[in-house]
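The values are calculated or read from the model by the stated rules, or taken from the named source; none is laboratory data. It should be emphasised that the depicted structure is a prediction, and the values quoted were computed from it without experimental measurement. Every residue, glycine among them, receives a Cβ derived from its backbone with ideal geometry; neighbour counts consider all protein chains shown. The accessibility values were calculated without ligands, DNA or RNA, using every heavy atom of the protein model including side chains. Shrake-Rupley method; radii C 1.70, N 1.55, O 1.52, S 1.80 Å.
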Amino acid sequence: MSNDKTTQQTRLERWRLLLGRKADPHKEVQLEETAQGMDDVMEALYDSEREGGLGASSPKVHRWLSDVQRYFPSSVAQVLQKDAIDRLGIEEILRSEELTEQLQADVHLASTIVALKALIPKKSKESARRLVEKVVRELEKRLKNPMREAIQGALHRSARNRRPKWNEIDWHKTIRKNLKHYQQDLNTIIPEQLIGYGKKGSSLKEVILLCDQSGSMSESVVYASVFGAILASLRSIKTHFIAFDTQIADLTAHLDDPVDLLFGTQLGGGTDIAKALSYTLTLVERPADTIVILLTDLFEGGSIATTYERVDELNRMGVQVICLLALSDEGKPSYDKQVAQVLASKEVPTFACTPDRFPDLMAAAMKGEDVGAFSQ
């Protein structure tokens, strides 16, 4: 009997989703959480009279795209996104240079364009690229100096050679450091602390940015591309940028231009964190000097057991692994809390981070400090 009720409820849910809210004005059909989410997505797109629909608000569109990826398979999501482009007028805006110039471009709009770029008509792609470039350049202007100052300060400390050989001693710095130990009777300085020249030639640190390409992470990917380009511009850091869904895209070659990097990503699809971490293991050359930033909401579509195994391997090697659930100003993200707890038990700091705090976080990581404080 209970099976018959379940079947009947499922049928009612399907008809309710098909016909929309107007078919059930008294809310007689109770939708489960997933079905309710699907209903919200379709209502926002197809019911133009609904208050608080998609409208022209970039943050609303951004959240809507995330929900599309969350509740629908990729084949259905593509249809909904295509309809969104038509209904929102994004294509019309991109065709008009005048409108494009007047548009207030922000990170929400940039992430929306990047998420939908495969569906944007060819004739509008150049306008789309200009909008994204406008946002990226503004972010670079805001974030470049804080990032460079924080990182270079951290590297300066780590580069000092505290046990130099005779030919590695920096005598000028050593003398200044030990002036307080001047012995008047001997007319000389006793150098209690020798300071050597820092490492030269090779990079001091390696940073591997692993970026989840699922729709919910699109804003985070925009910020990550900017930070990746800034890190890559520092000669003392070797930077890798890996985007992933169920496949791996090594975009390190595009780090000289974050706009190229963003248009090299393919947001959407599933998520295979285990595969991304497996690829990461092939990149590690100096484990003790390597920092892996895993940027993901942890909704694993692959083998979660393999994910844990790869994290354990990186830990055993001495690689510093940090998991960022989001790199954005959007506040507390949606993420898999159970997986986050397991990673935390493996001493992998797991939290969301705002872009303004990311430079200090990276500096702390490079100095070997506890980055857990940034989760507060």
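Set the Förster radius R0 to 30 Å, insert the Cβ-Cβ distance between residue 341 and residue 250 as r into 1/(1 + (r/R0)^6), and round the FRET efficiency to 0.05.
0.50
Starting from 0.36 nm per residue, how many nanometres of slack lie between residue 281 and residue 138 once their C-alpha separation is accounted for?
In short, 48.1 nm is gained.
Roughly how big is the stretch 288-360's charge dipole about its Cα centre, with Cβ charges of +1 (Lys, Arg) and -1 (Asp, Glu), in debye to the nearest 20?
160
Give the residues of the stretch 234-265 whose amide nitrogen is closer than 15 Å to a point set 7 Å from the Cα of residue 118 in the direction of its Cβ.
243-249, 263-265
Give 82/134; 82/275; 141/173 a once-over and call out the pairs whose C-alpha atoms are over 32 Å from each other.
141/173
So, with a 1.4 angstrom probe, what is the percent of accessible area on the stretch 303-361 that is carbon and sulfur?
45
What nm distance separates the two modelled labels at residue 169 and residue 126, each placed 7 Å from Cα along Cα→Cβ?
6.5
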